[in-house]
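The block underneath contains the structure these notes are about, expressed in structure tokens.
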Number of protein chains: 2
Amino acid sequence: MTENNKKHTHEYYMKQAVKQALKGYEAKECPIGCVIVDNSGRIISRAYNKKLTRNNPILHAEIVAIDKACKKIGDWRLNDCDMYVTLEPCTMCAGAIVQARIRKVYFGAYEPKSGAVCSCNDIFNVEHGHNHSVEFEGGLLEEECSEIMKRFFKEIRIRDQRSTN
Amino acid sequence: MTENNKKHTHEYYMKQAVKQALKGYEAKECPIGCVIVDNSGRIISRAYNKKLTRNNPILHAEIVAIDKACKKIGDWRLNDCDMYVTLEPCTMCAGAIVQARIRKVYFGAYEPKSGAVCSCNDIFNVEHGHNHSVEFEGGLLEEECSEIMKRFFKEIRIRDQRSTN
């Protein structure tokens, strides 16, 4: 089997990110999932949000995935790697993606309130002082990715209402 | 001694950040240092860049310091804490500072090529979709902070010249 044969569709990789988001959901974390894929099509890291579990505001799914990927390949440069993440990254994560030199980011749902790729900012643009630009494509399995988030926030609202009644 | 008596000057805290930068310098890391101070004036974390040592692009001084501070106080919210860092933070770190809800950032040298606080972007501004704005003050012990960086990059240039000769 050649390297090329191992590659899956973009939808396949995003489905793997969705699986991670669901793990986050079960762990009562904000359900965002992420996978990083190397040039041969191999998934080198899978992660979900660990902010609450580990009491650390930095541990968004993308950050945990970058950390794992670097450990896996023994290099801080992820030049030939692509990221699949269920939600448009925030400023911190978009900046981390630039620092890690990831090639392209595919994200599911747009984040109109704080998305830093195209909704509220355009962090991947080299004009912000980076010497590495990151390609991106939003809206991959958008409905599925967005559905998990809606369900999560709906449950939080119900819980909050119950606790105030 | 009251809580207030424990507080030091801004210069004192920045000196502690400079000490961390020098540790980074000795470790052959890009020499950036950082400390986080709680509301009583106590330094709750000290850190320098660990990117090369730990092969991880995320481990800038600010990120390592936030991680340590959260572990120390057992909370992901650093609301009443201030950060002292020798260089203007990049996009990733500025985003992380917002996520950690740090109150105010004092930085030493401005970073005209990639500083995301005021030089190349204004990430602390709530207009970028955050619901938390961070105050900042740049140029504290600027010369001293900038000198360490200059020395570091000068040595890299000399090393590079030697290796090409």
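Each value in this text was obtained by applying a stated rule to the coordinates, not by laboratory testing. Note that this is a predicted model, so its numbers are computed, not measured. Cβ atoms come from the backbone with ideal geometry, glycine included; neighbour counts cover every protein chain shown.
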Short version: ³J(HN,Hα) in whole Hz for each residue of segment A:10-18, in order, from phi by Karplus 6.51 cos²θ - 1.76 cosθ + 1.60 (θ = phi - 60°), x for Gly and Pro, what are they? 4, 4, 4, 5, 5, 4, 5, 5, 4
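Ignore the peptide's own chain and count Cβ atoms of other chains within 10 Å of each Cβ in A:47-58; give me the average, rounded. Don't jump to the answer; show the numbers that get you there.
Working: counts 0, 0, 0, 0, 3, 1, 0, 4, 7, 9, 14, 13.
Per residue, the average neighbour count from other chains is 4.
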So for segment A:39-99, averaging the separation of alpha carbon pairs under 8 Å that are six or more residues apart and normalising by length, what relative contact order in percent results? 31
Tell me, how many Å apart are the Cα centres for segment B:80-158 and for segment B:1-79? 13
Along segment A:86-96, Karplus-curve 3J(HN,Hα) (6.51, -1.76, 1.60; θ = phi - 60°) to the nearest Hz, with x for Gly and Pro, reads 6, 10, 4, x, 7, 4, 4, 5, 4, x, 5
What is the dipole size for chain A, taken about its Cα centre, with +1 at each Lys and Arg Cβ and -1 at each Asp and Glu Cβ, in debye to the nearest 20? 780
Highest-first arrangement of A:6-12, A:103-109, B:140-146, where packing means the average Cβ count within 10 Å: A:103-109, B:140-146, A:6-12
Take every residue in peptide B:119-132, count the Cβ atoms of other chains within 10 Å of its Cβ, and give the average of those counts. 3
Chain B - percent relative contact order, Cα under 8 Å, separation 6 or more: 19
Other copies of residue A:8: label-to-label distances in nm, shortest first, labels 7 Å along the beta-carbon direction: 5.2
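Take the Cβ-Cβ distance between residue A:71 and residue A:22 as r, set R0 to 22 Å, and report the resulting FRET efficiency rounded to the nearest 0.05.
0.40
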Residue A:122 and residue B:54 label points (each 7 Å along its Cα→Cβ direction) are spaced in nm at 3.4
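Determine the percent antiparallel among the DSSP beta bridges restricted to the protein assembly as shown, to the nearest 5.
Working: 18 of 36 bridges.
Taking every DSSP beta bridge with both residues in the protein assembly as shown, the antiparallel ones total about 50 percent.
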Antiparallel %, DSSP beta bridges [both residues in segment B:20-165], to 5: 50
Can you tell which of A:133, A:115, A:31 lies farthest toward the positive end of the dipole of chain A, using +1 and -1 charges on the Cβ of basic and acidic side chains (Lys, Arg; Asp, Glu)? A:31
How large is ³J(HN,Hα), in whole Hz, for each residue of segment B:44-58 in order, when computed from phi with the Karplus curve 6.51 cos²θ - 1.76 cosθ + 1.60 and θ = phi - 60°, using x for Gly and Pro? 9, 7, 9, 7, 10, 3, 10, 3, 7, 4, 10, 6, 9, x, 7
Taking a ≥ b ≥ c as the square roots of the Cα gyration tensor eigenvalues, with a/c under 1.5 meaning rounded and otherwise prolate when a/b beats b/c, else oblate, which class fits the protein assembly as shown? oblate
Whichever aspartates and glutamates have a C-alpha closer than 13 Å to that of residue B:113, once near sequence neighbours (fewer than 8 apart) are set aside: A:127, B:88
Using amide H atoms built 1.01 Å from N in the peptide plane, name the residues 5+ places from residue B:138, or on other chains, whose amide H lies under 5 Å from its own. B:107
What is the set of long-range amide H partners of residue B:33 at a cut-off below 5 Å, with H atoms built 1.01 Å from backbone N? B:21, B:86, B:87
